[in-house]
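Everything below concerns the one structure shown next.
The values are calculated or read from the model by the stated rules, or taken from the named source; none is laboratory data. What you see is a predicted model; the values in this text were computed from it and never measured. Counting neighbours? That spans all protein chains shown, and the Cβs are built from the backbone with ideal geometry, glycine included.
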Amino acid sequence: MSMQTAPSNAAGLRRDERLERLTLFGLSSPAILLILVVLVIPVGWLFYVSFIGANGQFSLENYERMISRRSYLRIFVTTFQVSLLTTGLCILIGYPFAYFMSQLPSRLANLCLITVLLPFWTSLLVRTYAWLVLLQKQGLINNWAISLGLWDEPLKIVHNMTGTLIGMVHIMLPFLILPVYGAMKAIDRDYLKAAANLGASPRVAFWTVFFPLTAPGLFAGALMVFILCLGFFVTPAVLGGGKVIMVSMQIVSNIELFVNWGAASALGVVLLVLTVAILWVASRFLNLDRMTGGGH
Amino acid sequence: MTIKAAEALPISVRNVTKTYGAVHALDDVSLEVKSGEFLTLLGPSGSGKTTLLMVLAGFTRPDCGSLTFGDREVIRTPPHLREVGMTFQSYALFPHMTVAGNVGYPLRLRKRPKAEIAERVERALETVQLGGYGDRRVDQLSGGQKQRVAVARAIVFEPRILLMDEPLSALDKKLRDQMQIELRHLHEQLGMTTVYVTHDQREALTMSDRIAVVNHGRIMQLSTPRDLYEHPANRFVADFIGDSTFLTVSRVGRDVTFGGVPLIHAGPLPDTPDLQLMIRPERIVLSPDGPRDGANNFAATATDVVYQGDSYLLHARLDTGEMVALRGAVRGSNATSLPRLGDRVTLTLAPEDTVLIDGSQT
């Protein structure tokens, strides 16, 4: 009996299913279009331009130049150096700060969170120039330190690697602190109680339970900081004083000084490929989806 | 092979007080837990039972008082040096470790050799009937299995005292009933002094050697399950353990009357201005042939009859105005002849079931 009614009914259900899929596709088409226009086409264009030589023909010269010239190698080394040092310093400062915050009563913790977020919401350019004011030869820090007798000669703490790192760390810290703080707040206090009950001193409980549970958050934050550093421009340009040349700055000078779009594009492609490669390697070790809060 | 019985330790709590602002979470509590005893702290939420357990575990520092395990004073000993096993309401299994990693954790902290750890972990898992589960991830376990792993982790280092904080509250009823029996057997097998916290009176009655009923940071009554049920110290205890109806009675000397009618009673008579008659619904019976001699009889009208399969629940209004609940067994012989709404009934209470208690709530 059911065999007789099934066919007509099933066709209707299949039609509903198709219609539903079509509707879903229709609803997501603006998003797909947007990604196509602002991401896929420009990136494709970037790739295309990077393979066009000075004579307007297809050529690999933009990539060959990167391999043959030592200055390019130095730029990549500097970029990785700045990124790694910034990430390392962010971990050293950010993790203890996030831990401190996670242990505070919620009112104080929120206050601390605002001190983290407030600079985060301030313009990057403003913060970078503020550091210039603070760090320069006749700046606040040097003047105060000398008048307090901490050191005699003005220290060179800007227009070099030191200045760049100070600025970069300040700007990147929230990207590390926020995911780490989130991971710490998500830890059930009972885990630490259980560890203590089973015989772990506070120090042992921290290293065997608390730290491993925050490691995914720390890794997510560190990865975010590192990748953002790789393509960073404003801070090293202003605080580096021309001594710290990163990939992004070379891209700018390729366009502004040499009007060589091909060379600039090739650098952009290499940076993009490196970033994707790092994310891919990272995803082999950890669930990126979970780190960015995308799943459970 | 399972874990062997450890030598148990008695626990002695003396004059422990803990205040949070003006609130007394624990109000001068003293309690002796005998060696190897299964003692339950029973009370409503906020009664102080969990605070007391946290004082035993060392997570809550009381304002004053003394706590000894055996003859060792531990009130100032930090939790990690107390050597007591504990299970948590949330299980608190470390999510970054396997089952074996969790159970072996206390042994690794004690720097036991690898081979010994592996062997003892497996033994502990076998004790809770989870032999071979060592390699599982914690999030692959069901609620009941997590609870067993938590128990295995708490007993693997052979502590002489075991604390359990509402360990079964997250399980469904059937599993909870089964685990109650299992934990009870485990206790008989291991013999550790066990302090168990629950708000479930049936669970407390099922499992405990003795029950301490806690309210407002004080122990209302500490006694065996039977004594607690039969002779509650006051109305709070009577109300919390079992469903009861309470009738205010008047008293002259040893003579007690309800609604002008003398009550025949056998038990002790508490010395209180607020004397009440406690009627357990399963102790009062329907008397189909009218008032019975030598017992207390109440004329009433049935206001509600609920058929519940294994029993029926009758609510009746006494002629004096009070409501009384009665629970009776359903048998083939009476299934069709249960009282109906509005029927006149006679309720009878035997003298030994006529329990008079102190009507105070605290």
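Scanning for something over 17 Å from the mean Cα position of the chain (by Cα) and buried (at least 17 other Cβ atoms within 10 Å of the Cβ), does the stretch A:105-115 turn up at least one residue? Working first, answer last.
Kept after step one, since they are over 17 Å from the mean Cα position of the chain (by Cα), are these residues of the stretch A:105-115: A:105-115.
Then drop every residue that is not buried (at least 17 other Cβ atoms within 10 Å of the Cβ), which leaves A:112-113.
Within the stretch A:105-115, one or more residues are over 17 Å from the mean Cα position of the chain (by Cα) and buried (at least 17 other Cβ atoms within 10 Å of the Cβ).
If I filter the stretch A:143-153 for residues that are assigned by TED's automatic domain parsing to the domain that holds A:P212, in contact (Cβ under 8 Å) with a residue 12 or more places away in the chain and assigned to a helix (DSSP H, G or I), do I get at least one hit? Before you say what the answer is, go through the steps one by one.
Within the stretch A:143-153, the first condition is being assigned by TED's automatic domain parsing to the domain that holds A:P212, and the residues that meet it are A:143-153.
From the residues that got through so far, the ones that are in contact (Cβ under 8 Å) with a residue 12 or more places away in the chain too are none.
So far as the stretch A:143-153 goes, no, none of its residues is assigned by TED's automatic domain parsing to the domain that holds A:P212, in contact (Cβ under 8 Å) with a residue 12 or more places away in the chain and assigned to a helix (DSSP H, G or I).
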Please find, among A:A277, A:A282, the residue that is within 15 Å of the chain's Cα centre (by Cα) and either modelled with pLDDT under 90 or not in a helix (DSSP H, G or I) (or both).
A:A282
Among the residues of the stretch A:240-274 satisfying the criterion of being of a type in the set (A, V, I, L, M) and within 16 Å of the chain's Cα centre (by Cα), which is surrounded by the most Cβ atoms within 10 Å (Cβ to Cβ)?
A:M246
Which of the residues that make up the stretch A:186-207 are more than 7 Å from chain B (Cβ to nearest Cβ) and either crowded, with 19+ Cβ neighbours inside 10 Å or assigned to a loop (DSSP other than H, G, I, E, B) (or both)?
A:A186, A:I187, A:L192, A:A195, A:A205
Residue under question is A:S265, and the condition is that it be modelled with pLDDT under 90 and assigned to a helix (DSSP H, G or I); does it hold?
no
Looking at this structure, is B:G85 touching a helix residue (DSSP H, G or I) at 6+ places or on another chain (Cβ under 6 Å) and facing chain A (nearest Cβ under 8 Å)?
yes
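Pick from B:V103, B:V99, B:V128, B:V138: which is closer than 25 Å to B:T206 by Cβ, of a type outside the set (S, T, Y) and surrounded by 15 or more Cβ atoms within 10 Å (Cβ to Cβ)? Spell out the reasoning first.
Details: B:V103 fails: closer than 25 Å to B:T206 by Cβ; B:V99 fails: closer than 25 Å to B:T206 by Cβ; B:V138 fails: closer than 25 Å to B:T206 by Cβ.
Unique residue meeting the criteria: B:V128.
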Among the residues of the stretch B:244-268, the number that are surrounded by 14 or more Cβ atoms within 10 Å (Cβ to Cβ) and either under 26 Å from the mean Cα position of the chain (by Cα) or not assigned by TED's automatic domain parsing to the domain that holds B:H315 (or both) is 5
Listed by first then second residue, the pairs whose first member lies in the stretch B:5-26 and is in a strand (DSSP E or B), whose partner is acidic (D, E), with beta carbons under 7 Å and at least 6 positions apart or on separate chains, are B:S12/B:E32; B:N15/B:D28; B:T17/B:D27; B:T17/B:D28; B:T17/B:D63; B:K18/B:D63; B:T19/B:D63
Here is a list of conditions, (1) assigned to a helix (DSSP H, G or I); (2) touching a Leu at 6+ places or on another chain (Cβ under 6 Å); (3) over 30 Å from B:M86 (Cα atoms), and A:I177 meets all of them except one; can you say which number that is?
(2)
Considering only residues that are under 17 Å from the mean Cα position of the chain (by Cα) and at positive phi, which ones fall in the stretch B:158-198?
B:E166
